[in-house]
C-alpha cells in the first residue's frame, strides 16, 4: 500500500485528503507545516507527497526545492487554492499540481500517474 | 584529435574548465572571455580554473582576440584542422582536453551571446559542485522563439527519456568532468553530431548516463547575433532530428522502459529580476505555404511512411485553410514516431529525403502552435506546451508498438 504524506496547514484539507485517499487504498500520514519535514520524509519514506503551497509561515515552493534537492525522484504534487503560483518558476520542480477541490478525482488521477512513472535506474 | 594547441601557461591540471567553442567569432570572443574570467574569479575563486577556446581554425583573428583579452585566468587555445568543420568537432577536442586536465567541472558558453554575465557561469557550474551531473540553462524565451524545441525536441525527448528538460539543445551547459568518457565512447558520431546536432547529442547522453539533471534559471533571454531562425532551418532541422533518431536506435532499451516523465533539479531560484524577452515575429502565411508545398513534393512518401490514419488527417488539415488551421498534437506525435521508425529502417542514402519530407509538417505544426497561442501570455503558451508533452507521453504506447 503506497504511503502518501499530506502537508497542509488546514485541518479540514488534511482530513478530507486522508479519508478519501485511505478509501482509495493508500496509507496516509500528515504534517501541518514544513517543520522538520525533510527528517520526517527520511524516517517515513513516503511514496509521494501532496504539498500545500501557501501555509502560515511556510512557502511550499521553497519546501519543494529542499525536497527535490534531497530526494531527487520523490514525486511531489502541489496543492493550491489559486493557480497564480505557476508564475513562479520554482513550481516546475513539482511532478504535478492540483487546484484544491472537494472532488478529488483529478488528484487521484495525478497520484496514480505519478506512482506509475518509471525511469530505468 | 586537436590539430593545434597553444597553452602559454603550461597548464596540465585544472579543477574547472570554462570552454568557448568558436568559428570566426572575433567579434564576440573577447566579451565572452572577459565575462567568463569574471564569473570564474567571483564564484569559483577557490578552484584552479582555465578558459579553453576550442576553435574551428578561424581565419578572422579569433585566436588573437582570445589571447589579447585581459584576464587573470590562464588560457588554452585548441583548434581542429582546417578541413574539420563543425561545433561538434570543437567539443570533441574539448572533451579530450578535459580528460587530460582531469577537470571536475566543465561549463560551455557560446561566443556570440551578447548578454552573457558572470552570474551565468555560477548558474551553470555550481549545481555540478552540488552533485548534479549535467546542467541545462533555462533562458527566458518568447513563445515563438525556438519553436523547434517547443514543438518537437522538448516533447519528443521528454516522452523518450522521461525527464522534463525544457531547453535541451541550447548550446550552453555545465557538466561533470567524468561525463566526457561517455561522450568520447559514444558510438554515434555522425556528420550531424559534428555540427548542429551536438547539443542535443550531449543532453541525450547525459540523460542516459542516469546522472542527476539540473535546469538553471538564468532570468534573462539569450541575445544572439541577429539571425533569421528560418534561414538556417534547412540545415539545422535535419541535423538535430537525425541526431535524435540515431540516438533512439542506440538507447531503445532505455526509452522503452520509460513511462511518463519526471521533473529535474532546479537551480537559480534566487533570481529575483526576470527580464522580458523581445517578441519573435512569425510569418504565418509563409508557414502555411511551406506546409501546402509539402503535399506536392512528399505526399507519396508520407503515404509510405505514416500510419494509415495520418494521411487522411493531413488532407483534413489542408482543407481547413489558414484561418482555421489546426494540427492535432496526437497526429504530430504519431508522425514523429512513424518517422523515427522509418528512419531506423531506411538505407543511409534514403534518410536525408525522409527528413526533408518531415520539414513541411513541422512548419505546419508551428503554424498551428502560433494560431492556438496568439492570444496567450508567455506563461499560458508554456502551459500549452506542457499539455502537448502530456499528449506525447499518452501516445507513447503507439511508438512502442511500431518500434517492435
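Extension gain, residue A:81 to residue A:65: 0.36 nm times the residue separation minus the Cα-Cα distance gives 3.8 nm.
With the convex hull of the Cα atoms taken as the outline of region B:235-331, the averaged projected area works out to 10.7 nm².
Packing order of peptides B:90-100, B:24-34, A:62-72, B:194-204, highest average first: B:194-204, B:90-100, B:24-34, A:62-72 (average count of other Cβ atoms within 10 Å over each peptide's residues).
Working ranking of peptides B:166-176, B:71-81 by packing, defined as the average number of other Cβ atoms within 10 Å per residue, highest first, is B:166-176, B:71-81. The mean count of C-beta atoms from other chains within 10 Å of the C-beta of residues in B:209-215, rounded to a whole number, is 2.
Two-decimal Rg/Rh of region B:341-404 from alpha-carbon positions, Kirkwood Rh? Reported Rg/Rh, Kirkwood definition of Rh: 1.10. With all projection directions averaged, the alpha carbon convex hull of chain A covers 7.2 nm². Which whole-number percent of Cα pairs in region B:197-279 have a distance greater than 15 Å? Within region B:197-279, distances greater than 15 Å cover 72 percent of Cα pairs. Extending 7 Å from the Cα toward the beta-carbon at both residue A:112 and residue B:285 defines two label points whose distance is 4.9 nm. The Cα trace of region B:252-387 gives Rg and Dmax of 17.9, 53 Å, the first to one decimal, the second as a whole number. Residues B:250, B:180, arranged from fewest to most other Cβ atoms within 10 angstrom of their Cβ, appear as B:250, B:180. Potential lengthening of the chain between residue A:3 and residue A:18 amounts to 4.3 nm, from the contour at 0.36 nm per residue minus the alpha-carbon distance. For the protein assembly as shown, DSSP calls about 20 percent of its internal beta bridges antiparallel.
With the convex hull drawn over the C-alpha atoms of the protein assembly as shown, the volume per residue is 158 Å³. Taking the inverse of the mean 1/r over every pair of distinct Cα atoms in region B:133-199 gives a Kirkwood hydrodynamic radius of 13.4 Å. Its Cα gyration tensor gives region A:69-121 an equivalent ellipsoid; the semi-axes, largest first and in whole Å, are 20, 16, 7. Full extension of the chain between residue B:42 and residue B:326 yields a length gain of 97.3 nm, computed as 0.36 nm times the residue separation minus the alpha carbon distance. Take the convex hull of the alpha carbons in chain B; its mean projected area over all directions comes to 18.8 nm². The separation of region A:49-89 from region B:81-141, counted between C-alpha centres, amounts to 31 Å.
Distance from the C-alpha centroid of region B:1-46 to that of region B:326-370: 39 Å, rounded to the whole angstrom.
For region B:60-179, the fraction of C-alpha pairs farther apart than 24 angstrom is 38 percent.
Mean partner shielding of peptide A:71-83, defined as the number of other chain Cβ atoms within 10 Å of each residue Cβ, is 1. For chain A, DSSP calls about 10 percent of its internal beta bridges antiparallel. Of all DSSP beta bridges confined to region B:4-267, the antiparallel ones make up roughly 25%. Here the simple spin-label model places points 7 Å from the Cα toward Cβ, and for residue A:45 and residue B:375 these points are separated by 5.2 nm. Ranking of B:50, B:370 by neighbouring Cβ atoms within 10 Å, starting from the fewest: B:370, B:50. Take each residue of peptide A:107-120, count the partner chain Cβ atoms within 10 Å of its Cβ, and average: the result is 3.
Bear in mind these aren't lab numbers, they're just calculated from the coordinates by the rules spelled out. Fair warning: this is a prediction, and the values are worked out from it, not measured in the lab. Heads up, the Cβs are rebuilt from the backbone with ideal geometry, glycines too, and the neighbour counts pull from every protein chain shown.
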